[in-house]
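Chemist: Mind having a look at this structure? Questions to follow.
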Amino acid sequence: MPVKRSWAEPYKIKMVEHLTMTTRLERERAIADAGFNTFLLRSRDVYIDLLTDSGTSAMSDMQWSALMRGDEAYAGSDNFYHLEAAMRRHYGYKHLIPTHQGRGAENILSQLCIKPGDFVPGNMYFTTTKLHQELAGGRFVDVIVDEAHVPESEFPFKGNVDLGKLQRLIDEVGADRIPYLSLETNVNMAGGQPCSLSNIRDTAALCQRHGIRVFLDATRAVENAYFIKLREPGHADKSLSEILLEICAHTDGCTMSAKKDSLVNIGGFLAINDDELAEQAKNLVVIYEGLHTYGGMAGRDMEALAVGIEESVQFDHIRARIGQVEYLGHRLIDAGVPIVRPIGGHGVFINASKFLPHIPQSQFPGQALAAALYVDGGVRGMERGAVSAGRDSETGENILPSLELIRLTIPRRVYTQAHMDVTVESVTSLLEDRDKIVGLAFTYEPKHLRFFQARFTPVGADRVLNTAD
Ligand SMILES: *Cc1c(COP(=O)(O)O)cnc(C)c1O
């Protein structure tokens, strides 16, 4: 029998960044000043920052040295060609259109393909993706499998498209009202849950039969490839790079937030196979982002991204990255904390409705729990529930999603196992004191993507966590 070995990081630490240690009183003031919204905290007031895995990765020494090779030419920078080669090698698409980050690519794709009155099916919404589809006049339709909405379901591919739901939409509105299907890998809002390669293949085949394009949200496609290798029969012997190429080969192009999988602090791209559509995208990118050979990125950023893509597909890297997330998840499960199962790729999602059964969803238990966790331990998470879901674009009513979660997102290559332990201790002590956490009400609600800038007040109290000091 093989000896069991723990995962460990395939790197060592060369440089450290000091963190501020705050007192509970300081944190109570900070969260009140921030309107009980963790997005409005100053990062210097945060100890362990699990707000997002977006742009928060530690770059390698190779990436830092790549910055020095920036060719800051306005047009035709060498770095663009290096990035194009890396994208083609690992994602396999024909044309690269760089953008400042993922939403820049979403804007261009949505404007090019969606007409008012169109429907855009997708395997669960993502905030910026859906908003750009709506701004272009489209309506997002969720076609993810039902298991994705059930936090306790152990289904290994909760990101899968439900082909029945997709077929029903096609029958109802007609394929000519569906410009493309938006396919996300390692679905963020579902808890970082993967799609199987067979589901991607079948979804693409169904779309192709109806002349509907498929665009991938490739933001976490490498992490998805890892789960395919581990969980889907027939792929264990393939490299991550081979699986990634196979995923992409079923689609017509992708939008990419390089701030996640690709290990850079800023950047993204749109990739397209169709020559004519790519030509139009290159024309539109000039309006919103910059010339088509930099699209809002400095030359040095494109170079760091090219190196980041190569590092991101290394098996040892992803094994340690997801290993750390699973370590945190298993420790929380052992402590009796209700989390979304199976443990996802980029973070652990705590089921806030179950954690705080005394707070109705209309008082935003996810938002309240994120604020309370910050007060308790200086750990910053993010709400992914009713605040993030926003209002129905037609009725104006609050959407109350089936998942009311807080996300503890793990930046890549940044925190240690001891940081994970401290996080578990804080969540566990909150679980014991959970009846002291109160709900929240809006004091300010912005029109777009309200979760970023909304402000709240505790309902019937002056603090969100009413423990004696
Ligand atoms: C982050 C993200 C985006 C948007 O990318 P930005 O780089 O933040 O603009 C799109 N889709 C998914 C799944 C994401 O996680």
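Chemist: In segment 121-133, is there at least one residue being within 13 Å of the ligand (Cβ to nearest atom), free of Cβ contacts under 8 Å to residues at least 12 places away in the same chain and in contact with a Phe, Trp or Tyr (Cβ under 9 Å, 6 or more places away or on another chain)? I'd like the intermediate steps shown before the answer.
Modeler: As a first pass, look at segment 121-133 and keep what is within 13 Å of the ligand (Cβ to nearest atom): 122-133.
Of the ones still in play, those that are also free of Cβ contacts under 8 Å to residues at least 12 places away in the same chain are 130.
Narrowing further to those that are in contact with a Phe, Trp or Tyr (Cβ under 9 Å, 6 or more places away or on another chain): 130.
The answer is yes; a qualifying residue exists.
Chemist: Could you name every one of the strands (runs of 3 or more DSSP E) located completely within segment 193-292 that has at least 2 residues being within 23 Å of the chain's Cα centre (by Cα), of a type in the set (Gly, Ala, Ser) and at pLDDT 95 or above? It would help to see each step written out before you state the result.
Modeler: Values: elements: 213-217, 253-257, 268-272.
Qualifying strands (runs of 3 or more DSSP E): 253-257, 268-272.
Chemist: Please indicate, with yes or no, whether at least one residue in segment 63-85 is within 16 Å of the ligand (Cβ to nearest atom), assigned by TED's automatic domain parsing to the domain that holds SER239 and either touching a residue at least 12 places away in the same chain (Cβ under 8 Å) or not hydroxyl-bearing (Ser, Thr, Tyr) (or both).
Modeler: Step one: list which residues in segment 63-85 are within 16 Å of the ligand (Cβ to nearest atom), which gives 83.
Narrowing the set further to residues that are assigned by TED's automatic domain parsing to the domain that holds SER239 leaves 83.
Imposing the further condition that a residue be either touching a residue at least 12 places away in the same chain (Cβ under 8 Å) or not hydroxyl-bearing (Ser, Thr, Tyr) (or both) reduces the set to 83.
Yes; the residues of segment 63-85 include at least one that is within 16 Å of the ligand (Cβ to nearest atom), assigned by TED's automatic domain parsing to the domain that holds SER239 and either touching a residue at least 12 places away in the same chain (Cβ under 8 Å) or not hydroxyl-bearing (Ser, Thr, Tyr) (or both).
Chemist: Filter segment 20-46 down to the residues that are of a type in the set (Ser, Thr, Tyr), surrounded by fewer than 16 Cβ atoms within 10 Å (Cβ to Cβ) and within 24 Å of the chain's Cα centre (by Cα) and list them by number.
Modeler: Pass one, segment 20-46, residues of a type in the set (Ser, Thr, Tyr): 20, 22-23, 38, 43.
Still in the running and surrounded by fewer than 16 Cβ atoms within 10 Å (Cβ to Cβ): 20, 23, 43.
Matches in segment 20-46: SER43 only.
Chemist: Do we find that ALA190 is in a helix (DSSP H, G or I), under 20 Å from the mean Cα position of the chain (by Cα), buried (at least 23 other Cβ atoms within 10 Å of the Cβ) and in the same structural domain as GLY253 (by TED's automatic domain parsing) in this structure?
Modeler: Criteria not met by ALA190.
The values are calculated or read from the model by the stated rules, or taken from the named source; none is laboratory data. In this text the structure is predicted, and so the values were computed from the model without any measurement. A quick note on method: Cβ atoms are made from the backbone with ideal geometry, for glycine too, and the neighbour counts reach across all protein chains shown.
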